[in-house]
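To start, the structure under review is shown below, and the notes come after it.
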Amino acid sequence: MSLADSAHWNKALAGLQRAQGILRFGAVEFWAVNPPEVLIGSALVRMALQILFLTALGSVVAGAQQAERAFIGAIVLATAMTNILYVSEVPISEKESATFWRLRMARFAPWLILCVRSWGYVVAGFVLAMMAAAIMAPLIGMSGLAIQLMPLAPILFAVSVTSTAAGLAAAAFAVGRRVETLASNLLAYLVMLTSGAFLPVGQLPLLDALGTCMPGRNGLLVIHAELRGDPWASDFFRELCVGAGWVAVFVLLMTIQCKRAHRGGHDDFA
Amino acid sequence: MRSRPMVAVVSVVQPVTFLCLVAGTRQLDSNNAFPVVAAVLLTSMWSAIVWTAGGVLRRERTYGTLVRSVTSVYSPSIVVFGRSLGAMLSSLAAIVLSCSAVVVALRIPVELATPAWLGIALLLTVLSGTTLGMLLSCLFLMTRHGLAWSSALIYPVFLLGGLLIPPDRLPLPVRWVPSLLSLHWIYDMVIHSWRGQTPIEGFIIGASLTLIYGALAVVFLRRAVLLARRRGTLELG
């Protein structure tokens with residue numbers, strides 16, 4: 001191996017070790033902010049009750065025959081809304097701790113560090129949604145449907161990824177402004193309104209147009225298509241594109257925030 | 001309150017979303033529009049109670065001003081009551097305006113209840129929300145994870161509050177739960193009034209529950225402050 005190859009190899013190894021460090025830090029940060037008692041006692045309970053509430057509301061408002069559709073939509077909504085809200089902790093904690101400047105000084109781009117640190121929220125959102133659905137299904141007579149949905153777990157994981165990306169983008173708006181909860185909650189409620197989980201597609205053109213950019217919308221179409229036995233590859237691809245789009249928005253916003261900090265000579269966004 | 005984005009979420013975003021969801025899923029006419037709008041309004045009030053009035057002491061602790069608030073010349077109960085009342089007044093005003101905007105925009109044919117009883121219901125909502133917020137504020141003071149527990153408390157009342165989901169649609173073993181919530185009785189009151197009936201029962205029970213919440217809040221707050229002063233933990237986050 002030549003000297004140049006060896007240098008490249010060492011550089012790659014160092015980068016990998018730093019990435020491992022970021023992943024490890026992401027896990028430590030996740031557990032510090034979301035200890036098990038909060039995850040189980042608050043997040044899981046909240047998701048389970050959210051699924052129950054949306055299913056019951058769908059049944060009350062649209063009739064018992066819509067309960068199954070409402071149940072499926074509720075699982076996807078619970079995943080998406082929880083991830084969007086909870087992952088905002090990752091960039092906002094840097095702002096509140098006044099350590100954003102450290103991200104700017106890092107070897108990796110700040111957006112990359114924050115994306116990698118958010119892996120815990122993707123996994124937790126998916127696992128908690130599965131647990132919540134498993135707990136609620138027998139209670140509301142949806143056990144059969146829940147078993148049918150189990151092979152579609154990878155779709156729910158994809159929704160967890162895309163909604164985490166959207167949550168990071170929403171939080172990135174808040175890094176430089178005092179709108180910590182507004183951006184994330186606004187996005188979460190927009191997803192509720194436009195994803196087709198509850199409100200059928202085709203009611204309002206504006207909502208339909210917004211919904212095409214929202215995480216979970218195409219994931220729901222995939223699930224319904226699979227249950228009908230229809231092809232769903234294009235819908236799945238669209239869901240991944242939506243996620244990639246939100247990552248791009250996040251990258252853009254973080255770049256703008258960093259340039260603002262560099263130009264202003266400050267990182268005190270708090 | 002105006003400087004806190006969460007107020008905009010619970011007072012504007014949430015009622016608008018819920019009302020659009022229900023209006024978009026179900027055909028609303030003059031026979032069912034008012035009960036739906038009232039249910040959405042009161043459901044959003046619960047979120048406002050938890051996040052604004054219920055978070056008064058939690059925020060004080062975060063900002064480091066809890067000691068000054070509960071050890072001033074005025075009784076802590078009066079201080080917390082005043083702060084919660086302000087939060088409830090502004091939240092209710094914002095929720096009513098938001099719901100009204102959606103009703104106008106979507107042309108929902110709402111027929112209002114008797115103005116006198118509607119006014120009494122709104123007043124009772126503010127007072128009830130204030131005392132309930134005080135009670136929650138004391139409870140959240142006991143834990144470090146008040147924010148997490150706040151979000152966990154939202155959906156139980158959405159489900160079991162007897163508002164968006166009527167009590168007769170709940171499982172039999174839990175149909176008694178809405179009767180513990182003053183908001184459910186306020187809803188009962190406005191619906192009876194809307195139907196042209198005298199809503200005395202709802203008013204009396206709603207007002208009684210409001211007084212009970214207030215009394216419990218005063219007792220818990222006194223005990224919490226006394227305990228914290230004995231342990232020397234009032235200043236600790």
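The values are calculated or read from the model by the stated rules, or taken from the named source; none is laboratory data. From a predicted model like this one, the values you see are computed outputs, not experimental measurements. Methodologically, a virtual Cβ is constructed for each residue, glycine included, from the backbone with ideal geometry; neighbour enumeration extends over all protein chains shown. Only protein heavy atoms, including side chains, enter the accessible area calculation; ligands, DNA and RNA are left aside. Shrake-Rupley method; radii C 1.70, N 1.55, O 1.52, S 1.80 Å.
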- Scan the range B:68-86 and give yes if some residue there is over 20 Å from B:Ser150 (Cβ atoms), assigned to a loop (DSSP other than H, G, I, E, B) and among the hydrophobic types (A, V, I, L, M, F, W, C), otherwise no. yes
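Quick grid of which residues meet (1) in contact with a Leu (Cβ under 9 Å, 6 or more places away or on another chain); (2) open to solvent by 10 Å² or more (accessible area, probe 1.4 Å); (3) hydrophobic (A, V, I, L, M, F, W, C):
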| position | (1), (2), (3) |
| --- | --- |
| B:Pro15 | yes, no, no |
| B:Ser30 | no, yes, no |
| B:Thr43 | yes, no, no |
| B:Ser47 | no, no, no |
| B:Thr52 | no, no, no |
| B:Tyr63 | no, yes, no |
| B:Val80 | yes, no, yes |
| B:Ala94 | no, yes, yes |
- Could you grab the pairs with beta carbons closer than 6 Å, sequence gap of 6+ or different chains, first residue in the range B:107-121 and more than 9 Å from B:Trp194 (Cα to Cα), second one open to solvent by less than 40 Å² (accessible area, probe 1.4 Å) and of a type in the set (Val, Ile, Thr)? B:Val110/B:Val37; B:Val110/B:Val103; B:Ala121/B:Ile186; B:Ala121/B:Val190
- Task: Considering each residue of the range A:39-88, count those that are over 20 Å from the mean Cα position of the chain (by Cα), buried (at least 21 other Cβ atoms within 10 Å of the Cβ) and among the β-branched types (Val, Ile, Thr), and give that number.
- Result: 1
- Answer with yes or no whether A:Pro36 is within 24 Å of the chain's Cα centre (by Cα) and within 14 Å of another protein chain (Cβ to nearest Cβ). yes
- Cβ-Cβ below 8 Å, separation at least six or inter-chain, first residue in the range A:232-252 and part of a helix (DSSP H, G or I), second of a type in the set (D, E, K, R) and open to solvent by less than 60 Å² (accessible area, probe 1.4 Å): which pairs? A:Glu239/A:Arg217; A:Val242/A:Arg217
- How many of the residues making up the range B:148-203 are part of a helix (DSSP H, G or I) and either touching a helix residue (DSSP H, G or I) at 6+ places or on another chain (Cβ under 7 Å) or without any contact (Cβ under 8 Å) to a residue 12 or more places away in the chain (or both)? 37
- Task: Filter the range A:39-55 for residues that are of a type outside the set (Phe, Trp, Tyr) and within 8 Å of chain B (Cβ to nearest Cβ) and give the result.
- Result: A:Gly41, A:Ser42, A:Ala43, A:Val45, A:Arg46, A:Leu49, A:Gln50, A:Leu52
- Of all residues making up the range B:19-35, the number that are touching a residue at least 60 places away in the same chain (Cβ under 8 Å) and assigned to a helix (DSSP H, G or I): 7
